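Data first, discussion second: the structure below is written as structure tokens.
The values are calculated or read from the model by the stated rules, or taken from the named source; none is laboratory data. No experiment lies behind these values; they were computed from the predicted model shown. Quick reminder, even Gly has a Cβ in these numbers, built from the backbone with ideal geometry, and neighbours come from all protein chains shown.
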Amino acid sequence: MMRGRDGSQKKHLVPSLCLIVLFLGFLVLYYGPFFGPRGQHANSALEYGSRISRSIGWSNGDNGEVGKSEESIFGQEDGEDGLIPKSFPVCDDRHSELIPCLDRNLIYQTRLKLDLSLMEHYERHCPQPERRYNCLIPPPAGYKVPIKWPKSRDEVWQVNIPHTHLAHEKSDQNWMVVKGDKIVFPGGGTHFHYGADKYIAHLANMLNFTNNNLNNEGRIRTVFDVGCGVASFGGYLLSSDIIAMSLAPNDVHQNQIQFALERGIPAYLGVLGTKRLPYPSRSFEFAHCSRCRIDWLQRDGILLLELDRLLRPGGYFAYSSPEAYAQDEEDLKIWKEMSALVERMCWKIAAKKNQTVIWVKPLTNDCYLNREPGTRPPLCRSDNDPDAVWGVPMEACITPYTEQNQRDRGSGLAPWPSRLTTPPPRLADFGISTDMFEKDMEIWRQRVENYWSLLNAKIRPNTLRNLMDMKANMGSFAAALKDEPVWVMNVEPEDGPNLLKIIYDRGLIGTVHDWCEAFSTYPRTFDLLHAWTVFSDIEKKGCSVEDLLIEMDRILRPTGFIIVRDRKPVMEYIKKHLAALHWESVAIVDAEPNSDSEDGESIFVIQKKMWLIDESAKDVA
């Protein structure tokens with residue numbers, strides 16, 4: 001009888017012990033990242049990322065493909081299927097400048113076989129969900145709220161970007177100078193030691209533009225600066241009503257794009273490598289390379305042909321480099337070969353003076369069609385979509401103009417600032433009428449007015465400078481901010497209609513992106529993020545909403561703002577994560593009633609707190 005009772009007790013004990021073990025295992029899995037020393041946070045965060053990815057429906061099969069969640073996580077009750085963290089782990093200090101899809105350590109760890117000569121190691125390589133650092137990126141020790149525009153063009157806090165390598169390496173070129181607790185930008189560059197403003201006026205003078213103004217009475221508005229350094233060229237163009245997309249890789253010139261964005265100058269991390277740049281065809285009136293160290297002759301001129309794809313009819317390419325003027329044997333050889341290549345591309349020299357040559361692209365297809373049969377580079381195939389850019393390999397071919405361009409003998413765009421509100425010809429590609437375009441402008445004018453009234457108590461003049469519209473549609477959010485001292489990075493989804501060409505045709509700038517992945521920028525680079533139905537879209541794609549929240553926190557500056565416009569269940573979901581993210585609610589209101597608003601749409605205004613690191617994250621503002 002006694003043995004019988006012992007056996008009965010053991011039968012009850014075994015399930016109890018199993019439950020206790022399972023419960024403890026769950027605690028370790030869920031709260032593990034928050035225990036232990038700071039140095040362990042990186043590994044803990046990876047484990048946390050793997051757990052979260054499973055909880056929201058990601059699954060990695062043998063083929064590595066991502067599965068989609070069948071049920072919405074919005075509107076779920078807290079519990080096993082709707083885990084709401086009390087806090088997120090904080091990344092180790094060494095990750096304070098982490099760019100997940102441009103992470104050299106990831107390349108080493110995953111042993112990707114990349115061709116360094118083609119710059120593949122500077123292209124995007126994103127971690128799989130289970131390898132993501134699902135942790136909050138800490139600001140560097142002593143971080144300060146950035147200096148406000150326009151003073152920021154000329155100086156930034158050294159503590160915010162504690163890198164002085166460029167100041168020493170480029171000390172003879174006036175890129176940047178360390179002065180006390182600030183880094184000062186005198187406006188120099190490798191080719192323009194005496195200031196970007198004088199160099200820009202020189203370029204305009206070469207082209208005989210009125211008053212030596214490069215904007216040419218509003219005809220030049222969008223500029224592409226490749227190998228931009230700290231973007232002083234783009235920074236000094238702004239006073240001429242010209243906006244530049246300044247591009248450079250995350251290479252040996254430490255943090256050049258981070259300095260540009262800290263200064264409040266539009267910039268993007270990227271490289272002319274093997275993939276098309278994330279901009280549609282015919283986006284820029286003017287391209288610029290000042291000693292950008294690019295081999296334009298490689299692979300049948302494929303990089304120069306990518307530049308050609310981006311230039312509008314009649315667009316210019318200003319090239320300031322030893323090949324344009326030096327008389328040594330090597331430079332003369334390169335100049336001869338490059339001249340032959342651009343001649344076959346139908347470019348002509350618009351001006352050549354001192355150390356700079358400016359080529360101009362033809363206005364029509366006539367020259368292309370009159371070339372000898374078999375001339376290389378060839379015209380691109382008719383099925384080669386010049387506006388397909390996300391992950392699309394470059395091709396060594398010339399993108400011909402459309403019939404519309406041929407008829408207009410150019411882009412057909414109005415000069416700036418009329419260009420912003422004039423319906424561009426490429427609207428017809430999407431079946432968008434003039435009435436629809438004008439209605440969209442008015443809707444977003446009202447919406448932005450409402451947003452600013454909600455922000456009014458929290459912002460002062462020049463509080464905001466670097467803005468991002470995470471789903472820009474036709475760019476009317478940015479257009480409504482024309483008179484504000486801000487610039488907007490307009491982002492178009494990679495799987496939607498490519499409305500980015502409409503944005504560029506309006507004289508604005510932006511990029512294509514997939515919000516299932518991290519954006520190509522440094523942490524703490526934007527003052528405001530606008531997310532219109534981005535969360536609903538990302539959930540439909542089966543991607544992690546928590547990953548998106550963490551990514552938004554990464555790219556948002558401390559004390560910066562987020563405006564979410566989405567369904568009410570989305571707002572409830574985000575509200576549950578505010579404390580864990582060190583965010584606070586500013587306002588939540590119903591959307592303005594109009595025919596374009598989704599039923600039940602709300603507006604949620606959020607501010608990111610300033611927080612510091614000790615043994616745990618501590619809010620200070």
Problem set entry | Subset of segment 82-115 that is in a loop (DSSP other than H, G, I, E, B) and of a type in the set (S, T, Y) - its residue that is modelled with the lowest pLDDT | S87
Seminar exercise, completed: Taking segment 596-621 and the residues there that are out of contact with any strand residue (DSSP E or B) (no Cβ under 7 Å at 6 or more places or on another chain) and of a type in the set (G, A, S), the one that is modelled with the lowest pLDDT would be S616
Problem set entry | Test: residue in segment 304-323 that is modelled with pLDDT under 95, in contact with a helix residue (DSSP H, G or I) (Cβ under 9 Å, 6 or more places away or on another chain) and assigned to a helix (DSSP H, G or I) | yes
Seminar exercise, completed: The condition of being surrounded by fewer than 21 Cβ atoms within 10 Å (Cβ to Cβ), modelled with pLDDT of 95 or more and in contact with a Ser or Thr (Cβ under 9 Å, 6 or more places away or on another chain) holds, among E123, E130, only for E123
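Can you tell me which residue is nearest to F477 (Cα to Cα) among those in segment 429-455 that are part of a helix (DSSP H, G or I) and among the polar types (S, T, N, Q)?
Here is the first cut: in segment 429-455, the ones part of a helix (DSSP H, G or I) are 429-430, 434-455.
Narrowing the set further to residues that are among the polar types (S, T, N, Q) leaves 434, 446, 450, 453.
Working: T434: 17, Q446: 10, N450: 12, S453: 15 Å.
If we take residues in segment 429-455 being part of a helix (DSSP H, G or I) and among the polar types (S, T, N, Q), then Q446 is nearest to F477 (Cα to Cα).
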Exercise. Do we find that P523 is within 14 Å of the chain's Cα centre (by Cα) and of a type outside the set (K, R) in this structure?
Worked result: yes
Seminar exercise, completed: Scanning segment 456-481 residue by residue, those in contact (Cβ under 8 Å) with a residue 40 or more places away in the chain and outside any loop (DSSP other than H, G, I, E, B) turn out to be N466, L467, M468, D469, F477, A479
For this session: Name every residue in segment 538-574 that is within 27 Å of W487 (Cβ to Cβ), out of contact with any Cys (no Cβ under 9 Å at 6 or more places or on another chain) and among the acidic types (D, E), in order of residue number.
Result: E551, D553, D566
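Listed here are the residues, each with its yes/no results for (1) outside the structural domain of T222 (by TED's automatic domain parsing); (2) free of Cβ contacts under 8 Å to residues at least 60 places away in the same chain; (3) surrounded by fewer than 24 Cβ atoms within 10 Å (Cβ to Cβ).
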{"position": "R282", "(1), (2), (3)": "no, no, no"}
{"position": "C289", "(1), (2), (3)": "no, no, yes"}
{"position": "C292", "(1), (2), (3)": "no, no, yes"}
{"position": "D295", "(1), (2), (3)": "no, yes, yes"}
{"position": "R299", "(1), (2), (3)": "no, no, yes"}
{"position": "R344", "(1), (2), (3)": "no, yes, yes"}
Exercise. Looking only at segment 505-528, which residues are small (G, A, S) and farther than 19 Å from F477 by Cα?
Worked result: A518, S520
Seminar exercise, completed: Scanning segment 373-389 residue by residue, the ones that are touching a helix residue (DSSP H, G or I) at 6+ places or on another chain (Cβ under 7 Å), surrounded by fewer than 17 Cβ atoms within 10 Å (Cβ to Cβ) and in contact (Cβ under 8 Å) with a residue 40 or more places away in the chain total 1
Exercise. Here are A260, A287, A267, A244: which of them is in contact with a Phe, Trp or Tyr (Cβ under 6 Å, 6 or more places away or on another chain) and at pLDDT 95 or above?
Worked result: A287
For this session: Sort through R426, R376, R419 and tell me the only one that's of a type in the set (D, E, K, R), out of contact with any Pro (no Cβ under 7 Å at 6 or more places or on another chain) and assigned to a loop (DSSP other than H, G, I, E, B).
Result: R376
For this session: Output the residues belonging to segment 321-340 that are within 26 Å of G410 (Cα to Cα) and either in the same structural domain as S117 (by TED's automatic domain parsing) or crowded, with 18+ Cβ neighbours inside 10 Å (or both).
Result: M338
Problem set entry | Pairs with Cβ under 8 Å, 6+ apart, first in segment 120-144 and without any contact (Cβ under 8 Å) to a residue 40 or more places away in the chain, second among the aromatic types (F, W, Y) and assigned to a strand (DSSP E or B) | K144/W157
For this session: Go through segment 554-571 and count every residue that is part of a helix (DSSP H, G or I), farther than 12 Å from W515 by Cβ and under 17 Å from the mean Cα position of the chain (by Cα).
Result: 1
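Are there strands (runs of 3 or more DSSP E) fully within segment 194-277 with at least 2 residues that are out of contact with any helix residue (DSSP H, G or I) (no Cβ under 6 Å at 6 or more places or on another chain) and of a type outside the set (V, I, T)? List them. Break it down into steps so the answer makes sense when it comes.
Working: elements: 222-226, 243-248, 267-269.
Because the criterion is at least 2 residues that are out of contact with any helix residue (DSSP H, G or I) (no Cβ under 6 Å at 6 or more places or on another chain) and of a type outside the set (V, I, T), the strands (runs of 3 or more DSSP E) in segment 194-277 that meet it are 243-248.
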Exercise. Only one of R426, R524, R465 is under 30 Å from R409 (Cα atoms) and buried (at least 22 other Cβ atoms within 10 Å of the Cβ); which?
Worked result: R426
Exercise. Out of all the residues in segment 395-417, is one or more among the acidic types (D, E) and modelled with pLDDT of 95 or more?
Worked result: yes
Exercise. Which one of these is part of a loop (DSSP other than H, G, I, E, B), under 17 Å from the mean Cα position of the chain (by Cα), not assigned by TED's automatic domain parsing to the domain that holds R276 and not hydrophobic (A, V, I, L, M, F, W, C): E484, E551, E517, E492?
Worked result: E517
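Please find, within segment 530-548, the residue that is farthest from E262 (Cα to Cα) out of those that are charged (D, E, K, R) and assigned to a helix (DSSP H, G or I). Can you show your working first?
The first filter runs over segment 530-548 and keeps only residues charged (D, E, K, R), leaving 537, 539-541, 546-547.
Applying the additional criterion that residues be assigned to a helix (DSSP H, G or I) yields 537, 539-540, 546-547.
Working: D537: 30, E539: 32, K540: 34, E546: 26, D547: 24 Å.
That would be K540.
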Exercise. Can you tell me which residues in segment 572-587 are under 16 Å from S602 (Cβ atoms) and part of a helix (DSSP H, G or I)?
Worked result: E572, Y573, I574, K575, L578
